[in-house]
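The values are calculated or read from the model by the stated rules, or taken from the named source; none is laboratory data. None of these values were measured; they are calculated from a predicted model. Virtual Cβ from ideal backbone geometry, glycine too; neighbours counted across all protein chains shown. Note: accessible area is taken over every heavy atom of the protein model, side chains too, but ligands, DNA and RNA are not part of it. Shrake-Rupley method; radii C 1.70, N 1.55, O 1.52, S 1.80 Å.
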Amino acid sequence: MTRDVLRKLNYELDYDIYVEYDDGNDIEGRLVLLDKPTSKPGLWHCSICTNENDQSLLSCDTCGVFRDSTAIFDNDSGEKANGKSNNSRASVMARSLFALSPHWLPKPAIIPDIFLAKEAAKSHEKGCIEARFSDLHKIFTSPQRNHSINIAPFQFDTPSPDDIVSAGKSAARNFPKVPLGSTKASSNIIGKKEIVNLLPDNEISNSSSASSSKDNHIDVRESSNSRDHGDAPQIIADDLHRLKLDKKSNNNKSKKAHRNVQYKPEKWMLSDQEEGTLSQLNLAVVGHVDSGKSTLCGRILQLLGRISKKQMHKYEKEAKEKGKGSFAYSWAMDESAEERERGITMTVAVAYFDSKIFRVVLLDSPGHKDFVPNMISGATQADAAILVVDASVGSFEAGMGGHNVGQTKEHAQLIRSFGVEQIIVAVNKMDLVDFSKERFDFIKLQLGHFLRSCGFKESSVVWIPLSAMENQNLVATASDVRLSSWYQGCCLLDAIDSLKPPHRDVSKPLILPICDVVASHSLGQVAVCGKLEFGALRASSKVLVMPSGDIATVRTIERDYCSCSIAKAGDNVAVSLQGIDGGHVMPGGVLCHPDFPVTVASSLELKVLVLDVVTPILVGSQVEIHIHHAKEAARVTKILSLLDQKTGKVSRNAPRILTARQSAIIVVALDGAVCVEEFSVCRALGRAFLRASGSTIAVGIVTRVLELES
Amino acid sequence: MKLVRRDLVSNGPGSVKVVPEEDDDMWHAYNLICVGDSVLAVTVRKVLREMASGGRDAERVKLKLEIKVESVDYDKEGSVLRIRGKNILENEHVKIGQFHTLEIEPHRPFVLRKDIWDSMALDVLQQACDPSASADLAVILMQEGLAHLFLIGKSITTTRSRIETSIPRKHGPAIAGYESALKKFFENVLQALLKHIDFKVVRCVVIASPGFTKDQFRDYLLLEAERRQLRSIIENKSRLILAHSTSGYKHSLKEVLDAPSVMNLIKDTKAAQEVRALKDFFSMLSNDAARACYGPKHVEVAHERMAIQTLLITDSLFKNSDISTRQKYVKLVDSVKDSGGTVHVFSSMHVSGDQLAQLTGIAAILRFPLPDLEDIEM
């Protein structure tokens, strides 16, 4: 495995953790700390069977060998640069414990256990006594030695007898269905494994973090001593000591850990049947009204042959008849009579095409101010976004908004708070300004400044001048001399291919927020559309429909109008259900695993960032709250504390009002209950958007679910 | 409400005889009648009588009873007012001290006797008997998939109907489903409109929504009216008004009432004044936050310093069963008036009053900034 890919993995983990704690609070500062991604996304090679595996898989598909985890410890320099070394490092470790657990196969693990010890002894004879822990680890797991098992990180966590007892207790308390005896009875390594999994729980129950780290310290000595390591344990222990587990971070994660321990994904979920197929990318197209979003989408589809000539001809003819010749391409997206009549998009349209490396799902959002709620509920599933900007004089300025917020700005902020990090800015209608470089640079300067303030990192923003009507720079590089004379960058399609594939988590219990309920003949009576956030689905799976709490059975799954046998995290699918009444399935609900229902609540504690609002937020302010696809009227019942922008610490308690650009912890009461999870448990269900009087007033994350409804 | 007889001393004892006439009046009566007052009205009571043979016979008798009020219940959906208390008027069927529940009905007079007619009570009485202030507006507030039908009277807003339908977003072939779902949704709203809106009473019907839903609905409404020969709609075509709102939820109603086209229609009514006052408060809060305050504590402090220019207060605060609390607020209102400020008593049955109630029920716009309010805990 290349070092680059390792660094990549590491970067992702780091980022994940960082965001966990700081999202919504310090958007500006957030991305500055991150490493630049150094490699292209892609596959990793198993060191045993050289099988190519998907990035998201943690163990090899064919032989079950774990992916090399040196990355986790291989990052001394990178971490220091991060400036948050202690915290994130500990969390990375914690995470490595949790994340690798559920689909452990005993087969390859037994040999290395012994092998490793020998190896270790050998390496000492060679004079590696002074080697740092990470170096040691690398030696153990280097591919030439034919084993890349990351047993090492677990060694030092082998619990003391006390730990085992308390872990057992907590296991018995938490999941009575799994008696401890059975886990112990299974092969030795599995038993060990279980205990390791339980360790985080156990640590949380420890009252002081100091004592827990001390435990670890001792453990390391014990386990290492048995292998005659000489001085090495001390070094390892020192190393470990620096990694002192941050108690707080552990606490935040506790729930997640629980789930992983409890939930065992079935084998079919993990097996990647579609080896070699493209991974799915949900791409939202956003921007101010009339910037040409639908036309851009339509044009791309047409150029890629997704729209037949006949169909296109029909659109052109109809559009001409209505006297709206220029709207022909957008009609591919805007299908309802109402939308065509008025020439604007109202709801999010979905279209599919394949690029070189992605199966792209285009989510064409409405740009009009009144339809921002539709945009939110339709585009929260996005992994990346294209921000379309109108280059023509006056239109760009309108999008940026004079005294009030234009939709270019509002959408950019929303998209960022959806969790989207990568954005392509398509400067459209360049033909209207004669492909002027000055105009492009002006827009880049103006908008770039704003995007930075939203928290987009400069390196993850791609700027592309193009013209959808003139077909410049869409799927091929520009042909017009006026543009190609100064622009040599990639075209839009290449830019899409250069996006990093999003991280998918198949190993968690199913969560599918319902974006849409459709009555379609091909799908049967009740069908729901949405993106799988976690887990996987196949026909005949049982699912729990929340918030109604009814069980339904999956009948068929459709992706891009073709039925498929299995859907995994990240896929945007239509699922038809049987055994449930259509009235119980509403957009905004969630399909989940029957044993792991999502929480349904009507009172939430949020950490919010107030956007540029005119009217301040008071206790009692009435708002509309959007959480994934659900929307509900709500009111602010408490403003608990004001947070400092830079540090995230509480700067004052119970403030009177919240004004623009402040961040705070607030409590909201919803008129009706919605499916929601804390942000640390499930990000997709833990993001909230507050709107009032037609504009988005605050974005934030759910820090606590206060009132649970049975 | 019709005032039949009035015999009272301001800030002293006295009684009035009134006849409630419409739903609004029930709300006024509810605000007027406090625990401790006495109410005299004609009522029906089931009376048990021992027969000579020893058997018992139940009979419904019409009686005139006066009761000492112990609790007042108001049902806002049905506009029914029930008063529970002990009888104080000796009667052959009902002894003194027996409990009875009076139901106040439209067009039935009742006599209300109070020990103290404070200024708030007199205000309510005067408002209730002023026929000119009624708005009588119907508002259909909608967004795709959600509609509310409100009737707005002088001092109450009633939610007559709520329609919620799931409307699929367009997904290729499902587009037909979208159209038919939208049709069905509009049909439901149309039925609600026919059922609840009486054009003889309502001055006009405002259709409000974000985007184009309102236009779509109006077109649908007129088309269907033509097709089915719905006379009431065809004849009143000119009384359908379109307005913009940002959502279909109830709190967007204040945006509708604030729209210029609607504002013109309801200019002098209480509903309009409340909306305007609340808007002033919010604009003051955003322009000069130190010149606006809310919450009982802050308002009290501001009042001590004679800083209150406009006081916004909901009538629910006067409804407090604790007499001393009521007295406190009445005094506050009086003294603000005395010192030259204006007072808006919001009806908690209107959307603006509802919002004020969320903001603790009391707020004020100040004459001069009081920045140190920030430091006083709420």
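Within the set of pairs 6+ apart or on separate chains, which have a first residue in the stretch B:5-30 that is within 10 Å of residue B:112 (Cα to Cα), a second that is modelled with pLDDT under 85 and outside any strand (DSSP E or B), and C-beta atoms under 7 Å apart? Filtered contacts from the stretch B:5-30: B:18/B:1. Hey, any hits in the stretch A:395-403 for a residue that's closer than 18 Å to residue A:696 by Cβ, away from chain B (no Cβ under 14 Å) and out of contact with any Gly (no Cβ under 9 Å at 6 or more places or on another chain)? There is at least one residue in the stretch A:395-403 that is closer than 18 Å to residue A:696 by Cβ, away from chain B (no Cβ under 14 Å) and out of contact with any Gly (no Cβ under 9 Å at 6 or more places or on another chain).
Considering the stretch B:104-116, the residues that are touching a strand residue (DSSP E or B) at 6+ places or on another chain (Cβ under 6 Å) and modelled with pLDDT of 90 or more include one that is farthest from residue B:46 (Cα to Cα), namely B:113.
Quick check on the stretch B:205-217. Is at least one of its residues open to solvent by 60 Å² or more (accessible area, probe 1.4 Å) and within 12 Å of chain A (Cβ to nearest Cβ)?
The answer is no; no qualifying residue exists.
More than 23 Å from residue A:411 (Cβ to Cβ) and of a type in the set (A, V, I, L, M, F, W, C), is that true of residue A:546? So residue A:546 passes the test. Looking at B:124, B:139, B:69, B:42, just one residue is at pLDDT 90 or above, in contact with a helix residue (DSSP H, G or I) (Cβ under 7 Å, 6 or more places away or on another chain) and among the hydrophobic types (A, V, I, L, M, F, W, C), and that residue is B:139. Which residues, taken from the stretch B:96-152, are hydroxyl-bearing (Ser, Thr, Tyr), farther than 30 Å from residue B:239 by Cα and not in a strand (DSSP E or B)? Of everything in the stretch B:96-152, just one residue is hydroxyl-bearing (Ser, Thr, Tyr), farther than 30 Å from residue B:239 by Cα and not in a strand (DSSP E or B), namely B:119.
Residues that are facing chain A (nearest Cβ under 8 Å) and farther than 13 Å from residue A:693 by Cα within the stretch B:249-263 are absent altogether.
When residues in the stretch B:356-369 are screened for being open to solvent by 10 Å² or more (accessible area, probe 1.4 Å) and within 13 Å of chain A (Cβ to nearest Cβ), 3 of them pass.
Of everything in the stretch B:279-289 that is within 11 Å of chain A (Cβ to nearest Cβ) and within 18 Å of residue B:362 (Cβ to Cβ), the residue that is most open to solvent (accessible area, probe 1.4 Å) is B:279. Among the residues here, residue B:54 does not qualify as open to solvent by less than 30 Å² (accessible area, probe 1.4 Å), of a type outside the set (A, V, I, L, M, F, W, C), assigned to a loop (DSSP other than H, G, I, E, B) and out of contact with any Asp or Glu (no Cβ under 6 Å at 6 or more places or on another chain).
The stretch A:546-635 holds strands (runs of 3 or more DSSP E) entirely within its bounds, and those carrying 2 or more residues that are in contact (Cβ under 8 Å) with a residue 40 or more places away in the chain, within 14 Å of chain B (Cβ to nearest Cβ) and touching a helix residue (DSSP H, G or I) at 6+ places or on another chain (Cβ under 7 Å) map to A:622-627. Consider the stretch A:352-372 and keep the residues that are open to solvent by 10 Å² or more (accessible area, probe 1.4 Å) and in contact with a strand residue (DSSP E or B) (Cβ under 9 Å, 6 or more places away or on another chain). The one that is farthest from the other protein chains (Cβ to nearest Cβ) is A:357. When B:270, B:200, B:184 are checked against the criterion of being more than 13 Å from chain A (Cβ to nearest Cβ), open to solvent by 10 Å² or more (accessible area, probe 1.4 Å), over 25 Å from residue B:311 (Cβ atoms) and not aliphatic (A, V, I, L, M), a single residue qualifies: B:200. Among the residues of the stretch B:60-73, those identified as touching a residue at least 12 places away in the same chain (Cβ under 8 Å) and open to solvent by 70 Å² or more (accessible area, probe 1.4 Å) are B:60, B:62, B:64, B:68, B:70.
Considering the stretch B:223-248, the residues that are open to solvent by less than 50 Å² (accessible area, probe 1.4 Å) and either in contact with a Pro (Cβ under 8 Å, 6 or more places away or on another chain) or within 14 Å of chain A (Cβ to nearest Cβ) (or both) include one that is farthest from residue A:623 (Cα to Cα), namely B:242. Exactly one residue among B:378, B:349 is at pLDDT below 90 and within 14 Å of another protein chain (Cβ to nearest Cβ), and that residue is B:378.
Residues that are in contact (Cβ under 8 Å) with a residue 24 or more places away in the chain and within 14 Å of chain B (Cβ to nearest Cβ): list the strands (runs of 3 or more DSSP E) wholly contained in the stretch A:451-537 that include at least 2 such residues. Filter on the stretch A:451-537 gives A:516-520, A:524-531.
The criterion of being of a type in the set (S, T, N, Q), within 21 Å of residue B:253 (Cβ to Cβ) and either open to solvent by less than 20 Å² (accessible area, probe 1.4 Å) or more than 11 Å from chain A (Cβ to nearest Cβ) (or both) holds for residue B:316.
Residue A:645 meets all of the listed conditions (1) under 29 Å from residue B:253 (Cα atoms); (2) outside any strand (DSSP E or B); (3) open to solvent by 50 Å² or more (accessible area, probe 1.4 Å) but one, namely (1). State all residues of the stretch A:567-579 that are out of contact with any His (no Cβ under 8 Å at 6 or more places or on another chain) and crowded, with 18+ Cβ neighbours inside 10 Å; if no residue qualifies, say none. Across the stretch A:567-579, the qualifying residues are A:567, A:568, A:569, A:570, A:571, A:572, A:573, A:575, A:576, A:577. Within the stretch A:318-328, can one find any residue that is open to solvent by less than 60 Å² (accessible area, probe 1.4 Å), away from chain B (no Cβ under 12 Å) and in contact (Cβ under 8 Å) with a residue 40 or more places away in the chain? There is no residue in the stretch A:318-328 that is open to solvent by less than 60 Å² (accessible area, probe 1.4 Å), away from chain B (no Cβ under 12 Å) and in contact (Cβ under 8 Å) with a residue 40 or more places away in the chain. Restricting the first member to the stretch B:249-271 and to residues that are in a loop (DSSP other than H, G, I, E, B), and the second to residues that are acidic (Asp, Glu), the beta-carbon pairs closer than 7 Å and six or more apart or on different chains are B:249/A:624.
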